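A.B. asks: Just passing along the structure, written as structure tokens.
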Amino acid sequence: MVPCNYGGYADTLLVKATDVFPIPAGKSFEEAAAMTVNYLTAYLALIEQGNLREGRRVLIHGAAGGVGIAAAQISKIYGAEVFGTASAAKHDAVRKEGVDHPIDYRNEDFEAVVKKVTGGRGVHVALDPIGGVNFAKSYRSLAVGGKLIVYGFSAAAPGKSRQLLSLAWHWLRTPSFSPFELMSSNRGVIGLHLGRMTGETEVLKAAPTTLVGWWTEGRIRPVVGASYPAEDAAKAHAFIQDRGNTGKVVLTFP
Ligand SMILES: NC(=O)c1ccc[n+]([C@@H]2O[C@H](COP(=O)([O-])OP(=O)(O)OC[C@H]3O[C@@H](n4cnc5c(N)ncnc54)[C@H](OP(=O)(O)O)[C@@H]3O)[C@@H](O)[C@H]2O)c1
């Protein structure tokens with residue numbers, strides 16, 4: 001179960017036999033597509049990097065997306081209290097996946113909500129694929145000993161067309177983290193890029209083994225938000241950029 005980096009929009013892909021897992025009986029290809037990268041990313045962020053444990057508090061951005069839902073479900077396996085940002089229309093859906101405190105980030109300041117609900121203590125792990133000023137706010141939402149895991153920059157792509165001004169704006173507002181500040185506040189910032197983990201065979205074998213086991217037992221349930229035939233890939237991207245999806249958007253091949 002290794003990310004293919006590029007060339008994934010294809011009906012045939014050449015990979016090493018050791019890098020694939022059989023799809024458990026009764027599960028569909030669509031579910032499998034919603035499983036791999038999402039759950040591996042969420043697992044590595046929460047468990048390997050975030051050291052999540054029972055009773056800890058987690059903040060998940062993009063909680064209604066493929067990685068976000070995976071992270072909420074895994075957090076619940078570990079008995080964590082979950083905060084998640086999502087558009088208001090998706091709150092009922094994310095609650096069902098394990099988000100205890102959905103936050104409408106368009107109308108609420110998530111940093112203020114986290115501080116209020118936790119009595120100022122903050123969260124132990126924050127998963128942030130949004131970027132820009134969001135990284136700074138997520139960092140300030142951390143508890144003592146907390147970790148911010150950064151793994152994306154969705155803020156740079158707010159709409160269907162390329163928006164260079166918006167990209168520059170968010171880039172300029174991206175915080176720099178000083179080692180002295182990290183040391184004195186007992187917090188950490190960790191990057192995650194699955195595509196750059198090729199060759200990390202130990203972790204890329206162990207984590208999927210656990211995940212496929214949970215999937216087979218029904219402890220995790222990949223959510224397919226929508227599926228499009230491969231020739232409609234552009235429509236699938238537009239659907240995502242319109243924030244239409246709850247769960248993973250997948251492409252199907254005849
Ligand atoms: N570093 C890695 O290894 C790695 C691996 C996988 C994914 N990622 C990154 O993680 C992020 C989420 O991936 P995903 O597969 O979960 O995506 P997804 O299924 O498309 O979901 C993204 C969710 O984020 C929210 N969102 C917030 N800002 C957005 C924006 N500017 N554009 C689109 N959606 C936005 C949307 O919901 P609302 O309606 O609630 O806004 C949506 O539900 C992406 O940035 C992706 O590149 C990184």
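A.B. asks: Sequence-distant or interchain residues sharing an amide H contact under 5 Å with Tyr105, placed H: which?
C.D. replies: Those lying under 5 Å, H to H, from Tyr105 are Ala86.
A.B. asks: Go ahead and estimate [θ] at 222 nm for the chain from helices alone: -39,500 (n - 2.57) per DSSP H run with n ≥ 4, summed, over the residue count, rounded to 500.
C.D. replies: Numbers: 9 runs with 91 residues, N = 254.
Result for the chain, helices only: -10500 deg cm²/dmol.
A.B. asks: Moving on to the next point. Is there a quick way to get the dipole size of segment 97-254? I mean about its Cα centre, with the Cβ of Lys and Arg at +1 and of Asp and Glu at -1; what is the value in debye to the nearest 20? List each step's numbers first, then the result.
C.D. replies: Values: 18 positive and 14 negative charges, 54 e Å.
Charge dipole of segment 97-254: 260 debye, to the nearest 20.
A.B. asks: If you take the charge dipole of segment 21-252 about its Cα centre, with +1 on Lys and Arg Cβ and -1 on Asp and Glu Cβ, which of Gly225, Leu182, His170 is farthest toward its positive end?
C.D. replies: Comparing the listed Cα positions along the dipole, Leu182 ranks first.
A.B. asks: Right, here's the next one. Kyte-Doolittle cut-off 0.0, length cut-off 30 Å along the helix's own axis using Cα: show which whole DSSP H helices in the chain pass.
C.D. replies: Numbers: long enough: none.
TM-like helix candidates: nothing returned.
A.B. asks: I need to check one value: relative contact order of segment 21-252, counting alpha carbon pairs closer than 8 Å and at least 6 residues apart, in percent. Don't jump to the answer; show the numbers that get you there.
C.D. replies: On the way: 413 pairs, mean separation 49.1, N = 232.
The value is 21 percent.
A.B. asks: Rank Gly131, Gly146, Gly195 by how far each Cα sits towards the positive end of the charge dipole of the chain (+1 on Lys, Arg Cβ; -1 on Asp, Glu Cβ) and give me just the farthest.
C.D. replies: Sorting the options by dipole projection puts first Gly146.
A.B. asks: Further, regarding this structure: So if we plug the beta-carbon distance of Thr174 and Asp11 into 1/(1 + (r/R0)^6) with R0 = 30 Å, what FRET efficiency do we get, rounded to 0.05? Can you show the working numbers first?
C.D. replies: On the way: r = 38 Å, r/R0 = 1.26.
So the FRET efficiency works out to roughly 0.20.
A.B. asks: Determine the distance separating the Cα centre of segment 80-128 from the Cα centre of segment 36-63; give it in Å without decimals.
C.D. replies: About 14 Å separates the Cα centre of segment 80-128 from the one of segment 36-63.
A.B. asks: Continuing with this model, one more query. Are there any trypsin sites (Lys or Arg not before Pro) in segment 1-98 that are in a DSSP loop and have at most 11 other Cβ atoms within 10 Å? List them by number. Could you put the intermediate results ahead of the total?
C.D. replies: Working: sites: Lys16, Lys27, Arg53, Arg56, Arg57, Lys76, Lys90, Arg95, Lys96; in loops: Lys16, Lys27, Arg53, Arg56.
Those satisfying the criteria are Lys16.
A.B. asks: Let me ask something else. Using the Karplus curve 6.51 cos²θ - 1.76 cosθ + 1.60 with θ = phi - 60°, what ³J(HN,Hα) values do you get for each residue of segment 222-227, in whole Hz, with x for Gly and Pro?
C.D. replies: Per residue, the Karplus-derived 3J(HN,Hα) values read x, 9, 8, x, 6, 10 Hz.
Values quoted throughout were computed directly from the atomic coordinates according to the rules given, and no laboratory measurement underlies them. Bear in mind the structure is a predicted one, so any value in this text is a computation, not a measurement. Positions of Cβ are generated from backbone atoms using ideal geometry, with glycine treated the same way; all protein chains shown enter the neighbour counts.
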